[in-house]
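One structure below.
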Amino acid sequence: MFWFCMPVSHDLPSVSPLSPSLQVLIGDEPEPGMENLLEVDIPEEVEEKLTKADAREQEELEKEQERMKQEEEEEKKKKSDTEEAEKEQEAGLIR
């Protein structure tokens, strides 16, 4: 099998998510029995660690999404309050 790889500039921000994939593609041929990673036996303790790490990551993601949602709601409320105050001020000036 022949792989063609072009030099990659490491100062590009879009390269970082691809780096692990590129390293796998550039790596050696897999050992016997490792050709299909979906069929590789994973030790139970490693699988548990990965499951826990995945659950933690999912929980952090949900917390971050909730925090962002709250910030958006607060920003909308501030904007609404500001607009309401401006309308009241304009109404007071018109009278």
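Considering each of 77, 69, 49, 63 in turn, give the residue that is surrounded by 10 or more Cβ atoms within 10 Å (Cβ to Cβ), more than 24 Å from the chain's Cα centre (by Cα) and at pLDDT 90 or above.
When all the criteria are applied, what remains is 77.
What number of residues in segment 32-45 are surrounded by 10 or more Cβ atoms within 10 Å (Cβ to Cβ) and part of a helix (DSSP H, G or I)?
Of the residues in segment 32-45, 0 are surrounded by 10 or more Cβ atoms within 10 Å (Cβ to Cβ) and part of a helix (DSSP H, G or I).
The values are calculated or read from the model by the stated rules, or taken from the named source; none is laboratory data. Fair warning: this is a prediction, and the values are worked out from it, not measured in the lab. In this analysis, Cβ positions are derived from the backbone assuming ideal geometry, glycine residues included, and neighbour counts consider all displayed protein chains.
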